[in-house]
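Engineer: To start, I am sharing the structure in question, which I have written as structure tokens.
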2 protein chains.
Amino acid sequence: MESGFIEAARAAAAAVDEGRLWQSLMDLAAVGARSDGGVCRHALSDEDIAARALLIGWAEARGLEVSVDEVANLFIRRRGRQPDAAPVLVGSHLDSQPAGGKFDGAYGVLAGLEVLIALDEAGVETQRPIDIVAWTNEEGGRFDRSCTGSSVWAGASELESYLGDIGADGVALGEALAKTLAATPDLARRPRRWPAHAFIEPHIEQGPVLETGNIPVAAVTGIQGVRWMNVEVAGKAGHAGTTPMAERHDALQAALRAIGELNTLMSDPHDRVRFTVGRVNVTPNSPNTIPEKVMFSIDFRHPDEAVLEDRGGRIAEAVKTAAAPCRTLITPTLTMDPTTFPEAMVAIIEANASGLGIGCIRLASGAFHDALYAARVCPTAMIFIPCRNGLSHHPDEWAEPRHCAEGARVLAATLAQLADTS
Amino acid sequence: MESGFIEAARAAAAAVDEGRLWQSLMDLAAVGARSDGGVCRHALSDEDIAARALLIGWAEARGLEVSVDEVANLFIRRRGRQPDAAPVLVGSHLDSQPAGGKFDGAYGVLAGLEVLIALDEAGVETQRPIDIVAWTNEEGGRFDRSCTGSSVWAGASELESYLGDIGADGVALGEALAKTLAATPDLARRPRRWPAHAFIEPHIEQGPVLETGNIPVAAVTGIQGVRWMNVEVAGKAGHAGTTPMAERHDALQAALRAIGELNTLMSDPHDRVRFTVGRVNVTPNSPNTIPEKVMFSIDFRHPDEAVLEDRGGRIAEAVKTAAAPCRTLITPTLTMDPTTFPEAMVAIIEANASGLGIGCIRLASGAFHDALYAARVCPTAMIFIPCRNGLSHHPDEWAEPRHCAEGARVLAATLAQLADTS
């Protein structure tokens, strides 16, 4: 692939319509809208089905070809001069957090749609087809295990292993999936896996760097690695009024000592370590009973595998020592090594932003994305745009219309170029 | 009142039957029995109604007079030579914690019953009537506000203020109360309040002191005071993967700092302070979201009002300073000053234990009891017996048969004496 700027790219970018893109974002946000301005659109729910229907309607009105695979990943194709060439993929997801916003996921899908329309209007033909994709269940808001669609597509896991997962509403994933597929019986069915030429995922940053720096676009260099684990601390229940302090095995106090020790272990003057205890469950959680058990979660992330290995490997001993005499048990729940996007992919985005005169920096993603799985099977990168206060997974999530359009222009140029490369 | 030992007391104590008392404890524990050996007998539940029926049957078989008041406090009277004299009260409660044991509450009621039977068998007549009482909803396990029956009886609160309380099962207290009263339509109805000559509450210690010292009985000197409060810590939610540590307002980390500061404030080389954080609720409690809000409970107890005032008064400032930049809000949920039982009552118990040759120490109660409210309107004291490992509010709660009997013997002597005093 080359990273130069081509004329077709300029024409496609120029045809991106800020107002049209914005209107599509607002129209989609009405599906599953919350009264507080946010969006609740659980994967494979009635709202997800309605969002898919809206998107399919827009695509078919533009003569684009819609298809779906067995995990309900939705594809929208703009044909290329070589209809059977491996397509360039662009997209993200339609599902949201329970108290999510209008942009997380939706922006990636609709920026893709805007670019396909812009390519048509600019009269740009590409060698390769370009497929918009809306991956199924990225958020894990209804069914806990996230990135279901991209993970299955990339062969990182088997669809069959997800079918029995029970959602927060008690419905099995297999049942919700069947209902979603049954809602579009006429769609062409894609096979389980097939080669893609490249994948670009546009997304809001979900962090404060672009906004703080007043920069409209980032070429994302990769996704930091994570170590997730649950720590169980086992103490001894007792009556809060009668048990002398010296005789207590208070699981909460032990957990506090353990978290304090982890704060020290994770301290980083460069502020690149991300360490979060987001969940604490106390048993029996009664004001006048000494806590018998505490479970707390650890979310530890870093872009450098060596740091993850080193500090991650010292968590168990730190927790055990600090929590004594209470006993501790650590269960890893997710281990993801850092993902590094190919330099050529990052460079193409940078070059196109530069060619369009749109400010762009390189940035690592702090959050997971479907791009993490796609990167295992095809050259992948992401384009970030700023979001207000770095806020995401929140009803107040917001991106400015001009930033949405600037991201889509860089995307248009990048896709035009990728779809013409062999 | 005198504190000497009288012959009727010796005869009553001698008639206490360890096996009969133990059998009644085991029979009652079968009502609401849990598969783990514990008891779940919520106040005013079907299990409570069944426990009352069992007790009423035993009482009526012995010719004792059963009555009930408007808050379903259950009374079982052994008549005195002066039928209209203010009675001596003895008892505790029949309700349990959700995962409670066989002795908390039940022992006080059944030790009372054993003593009334023993008095009959010993042919001891008393001047005053002796009333066993089973107070309604001591535990607060179903309806949050505890000691409902004793509080209303003592005039510390109005029954009407409780009727709308909604139980953990969604049922209003008023409705559950009506159902309980309707189950015994033939019982004589006692008026709301009436004078009692004295109240003795036998109970397991719920702490380790008697067992550690190998002492069978304690004369309880009073009940320590408490300050309960809830602390809310308000931070800012954010994505665990993207938000730099330096920009976080993590409500959980702020709560940990606050609890650490409280640990320091509450430290006590004499180990008389009781300080417990038993409940922690994190919002949104998601592993990959920085906690936005944390609520934690404070249970602070001490027998000395001055200590409660001094350290209790410094909690708010300590929490506020430690939790900054997160904001904090403290809501007191219960303030109880220490209760001191009359010296004469404590001395009577001591003298009777001594007269019977049963080892006895003085001890302050770390836990609340109905005696706390009764002490407001009549001379009150408690008798403690040991429990294994100091454990209570737990299915493994256990008291030895011989300790149950020894406590009942001291109780028998004490009641015989109190019921013959003017």
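The values are calculated or read from the model by the stated rules, or taken from the named source; none is laboratory data. Keep in mind it's a predicted model, so treat the numbers as computed, not measured. Cβ placement follows ideal geometry from the backbone for every residue including glycine, while neighbour counts extend to all protein chains displayed. Heavy atoms of the whole protein, side chains included, go into the accessibility calculation; ligands, DNA and RNA do not. Shrake-Rupley method; radii C 1.70, N 1.55, O 1.52, S 1.80 Å.
Engineer: Per residue of the protein assembly as shown, what 222 nm ellipticity follows from adding -39500 (n - 2.57) for every DSSP H run with n ≥ 4, rounded to the nearest 500?
Structural biologist: Calculated from helices alone, the mean residue ellipticity at 222 nm is -10500 deg cm²/dmol.
Engineer: Here's another thing I want to ask about it. First measure r as the distance between the Cβ atoms of B:ASP271 and A:ASN389, then evaluate 1/(1 + (r/R0)^6) with R0 = 60 Å and state the FRET efficiency to the nearest 0.05.
Structural biologist: Efficiency for this residue pair is about 0.80.
Engineer: Based on C-alpha coordinates, I'd like the Rg and Dmax of region B:150-267, in Å.
Structural biologist: Both quantities, over Cα of region B:150-267: 24.2, 70 Å.
Engineer: I want to check the label-to-label distance for A:ASP304 and B:SER354. Put each point 7 Å from Cα in the C-beta direction and report it in nm to one decimal.
Structural biologist: Taking the two extended label points, one gets 7.5 nm.
Engineer: Say a label goes 7 Å from Cα toward Cβ at B:ALA234 in every copy; what distances in nm does this one have to the rest, shortest first?
Structural biologist: Values, ascending and in nm: 4.1.
Engineer: On alpha carbon coordinates alone, what is the Rg over Rh value for region B:85-161, Rh being the Kirkwood radius?
Structural biologist: Answer for region B:85-161: 1.06.
Engineer: Separate question: Report, as a whole number in µm² per second, the diffusion coefficient that Stokes-Einstein gives for the protein assembly as shown at 10 °C and 1.306 mPa s using the Kirkwood radius over alpha carbon pairs.
Structural biologist: It diffuses with D of about 52 µm²/s by this estimate.
Engineer: Take the Cα radius of gyration of region A:220-269 and divide it by 2.2 N^0.38 Å, with N its residue count; two decimals is plenty.
Structural biologist: 1.74
Engineer: Related question: Between A:ARG409, A:ARG362, A:ARG311, where does the largest GNM mean-square fluctuation fall for chain A, given springs only between Cα atoms within less than 10 Å?
Structural biologist: A:ARG311
Engineer: Next question, about the same structure. Taking both sides together, what accessible area is buried at the A/B interface, probe 1.4 Å, expressed in Å² and rounded to the nearest 100?
Structural biologist: Buried: approximately 4100 Å² between B and A.
Engineer: Roughly what angle does helix B:173-182 make with the longest principal axis of chain B, taking Cα atoms, 0 to 90 degrees, to the nearest 10?
Structural biologist: Relative to chain B, helix B:173-182 is tipped by roughly 20 degrees.
Engineer: Enter the Cα centre distance for the pair region B:27-95 and region A:48-87, rounded to the nearest angstrom.
Structural biologist: 72 Å
Engineer: Starting at the first residue of region B:69-79, write each ³J(HN,Hα) from the Karplus equation 6.51 cos²θ - 1.76 cosθ + 1.60 with θ = phi - 60°, in whole Hz, x for Gly and Pro.
Structural biologist: 10, 5, 9, 6, 4, 9, 10, 10, 9, 9, 5
Engineer: May I ask for the Rg/Rh ratio of region B:205-294, computed from Cα atoms with Rh as the Kirkwood radius, given to two decimals?
Structural biologist: Over the Cα atoms of region B:205-294, Rg/Rh equals 1.19.
Engineer: Taking θ = phi - 60°, what integer Hz values does the Karplus form 6.51 cos²θ - 1.76 cosθ + 1.60 yield along region B:366-380, in sequence order, with x for Gly and Pro?
Structural biologist: Per-residue couplings from phi come out as x, 9, 6, 8, 4, 4, 4, 7, 4, 4, 6, 10, 7, x, 9 Hz.
Engineer: Collect residues whose amide H, placed 1.01 Å from N in the peptide plane, falls under 5 Å from the amide H of B:ARG327; neighbours closer than 5 in sequence don't count.
Structural biologist: It is B:ALA234, by chain and number.
Engineer: Given region B:151-196, what whole percent of its Cα pairs are spread farther than 16 Å?
Structural biologist: Tail fraction, whole percent: 51.
Engineer: Shifting gears a bit: Enumerate the amide H contacts of A:ASN285 below 5 Å, restricted to partners 5 or more residues apart or on another chain; note that Pro and chain-start residues carry no placed amide H.
Structural biologist: Result for A:ASN285 returns A:GLU292.
Engineer: Kindly tabulate the residues in region A:389-409 with an accessible-area decrease of at least 50 Å² between the chain alone and the assembly of all protein chains, using a probe of 1.4 Å.
Structural biologist: Hits at the 50 Å² cut-off: zero.
Engineer: While we're looking at this one, here's another question. Any chance you could check the Cα centroid distance between region B:332-408 and region A:357-379 for me, in angstrom?
Structural biologist: What the calculation gives is 67 Å, centre to centre.
Engineer: Could you state the accessible area per residue of the protein assembly as shown in Å², with a 1.4 Å probe and every protein chain left in place?
Structural biologist: For the protein assembly as shown, the solvent-accessible area averages 36 Å² per residue.
Engineer: Moving to a separate point now. Can you tell me the orientation of helix A:343-356 relative to chain A, as the angle in degrees between its alpha-carbon axis and the longest Cα principal axis, to the nearest 10?
Structural biologist: Tilt of helix A:343-356: around 60 degrees.
Engineer: Just to be sure I understand the curve: with the Debye formula and one point per C-alpha of chain B, what is log10 I(q)/I(0) at q = 0.09, 0.14, 0.15 Å⁻¹?
Structural biologist: So the normalised log intensities work out to -0.58, -1.23, -1.37.
Engineer: Suppose R0 equals 56 Å. What FRET efficiency, 1/(1 + (r/R0)^6) with r the Cβ-Cβ distance, do A:ALA182 and B:THR212 give to the nearest 0.05?
Structural biologist: 0.25
Engineer: Here's another thing I want to ask about it. Only sites in a loop by DSSP and with at most 16 other Cβ atoms within 10 Å count here; which trypsin sites (Lys or Arg not before Pro) in region B:4-98 make the cut?
Structural biologist: Here the sparse-neighbourhood loop sites are B:ARG34, B:ARG62, B:ARG79, B:ARG81.
Engineer: Okay, next question. Got the A:THR321 label distances to the other copies yet, label 7 Å along Cα→Cβ, in nm, shortest first?
Structural biologist: Once sorted, the set of distances for A:THR321 reads 3.0 nm.
Engineer: Would you mind listing the distances between the A:THR264 label point and the same position in each other copy? Use 7 Å along Cα-to-C-beta, nm, one decimal, shortest first.
Structural biologist: Its label point is 1.5 nm from the equivalent points in the other copies.
Engineer: Follow-up question, since we're still on this one. Please give the helix B:401-418 orientation as an angle from the longest Cα principal axis of chain B, in degrees from 0 to 90, rounded to the nearest 10.
Structural biologist: 60 degrees
Engineer: Something else now. Whenever you get a sec, compute what percent of the accessible area on region A:1-135 sits on carbon and sulfur atoms (1.4 Å probe).
Structural biologist: Result for region A:1-135: 47 percent of the exposed heavy-atom area is carbon or sulfur.
Engineer: Looking only at the protein assembly as shown, where both bridge partners belong to it, what percent of the DSSP beta bridges are antiparallel (to the nearest 5)?
Structural biologist: 65 percent
Engineer: Excluding A:LEU308 itself, calculate the net charge of residues whose Cβ lies under 15 Å from the Cβ of A:LEU308, where each Lys or Arg counts +1 and each Asp or Glu counts -1.
Structural biologist: -1
Engineer: Further question: Where q = 0.13, 0.18, 0.19 Å⁻¹, what log10 of I(q)/I(0) comes from the Debye formula for region B:343-422, counting one point per Cα?
Structural biologist: -0.46, -0.86, -0.95
Engineer: Loop only by DSSP, 15 or fewer other Cβ within 10 Å of the Cβ. Give me the GluC sites (Glu not before Pro) in region A:195-302 that pass, ordered by residue number.
Structural biologist: Answer by residue number: there is no such site.
Engineer: Report, as an integer, the average count of C-beta atoms from other chains found within 10 Å of each Cβ along B:280-293.
Structural biologist: The per-residue average across the peptide is 6.
Engineer: In region A:15-54, if every C-alpha pair distance is counted and binned at 5 Å from zero, what percent goes to each bin?
Structural biologist: Reading the bins upward from 0: 6, 25, 26, 20, 14, 7, 2.
Engineer: Calculate, in whole percent, how much of the Cα-Cα pair population of region A:160-227 lies beyond 18 Å.
Structural biologist: Across region A:160-227, Cα pairs with separations above 18 Å total 68 percent.
Engineer: Next question, about the same structure. Using only the C-alpha atoms of region B:287-376, find the volume of their convex hull and express it per residue in Å³.
Structural biologist: 163 Å³
Engineer: I would also like to ask the following. Starting from the Cα of A:THR333, step 7 Å along the direction of its Cβ; do the same at A:ALA61; then give the gap between the two resulting points in nm.
Structural biologist: 4.2 nm
Engineer: With only alpha-carbon pairs counted, each pair once and no self-pairs, how large is the Kirkwood hydrodynamic radius of region B:30-172 in angstroms?
Structural biologist: 15.7 Å
Engineer: Also, quick follow-up: For a quick check of your reading of the filter: which trypsin sites (Lys or Arg not before Pro) in region A:98-201 sit in a DSSP loop and have no more than 16 other Cβ atoms within 10 Å?
Structural biologist: A:ARG145, A:ARG192, A:ARG193
Engineer: Of A:LYS102/B:LYS320; A:LYS179/B:LYS236; B:LYS102/B:LYS179; A:LYS293/B:LYS179; A:LYS293/A:LYS320; A:LYS293/B:LYS102, which ones are farther than 26 Å apart at the Cα?
Structural biologist: Cα-Cα > 26 Å for A:LYS102/B:LYS320; A:LYS179/B:LYS236; A:LYS293/B:LYS179; rest within.
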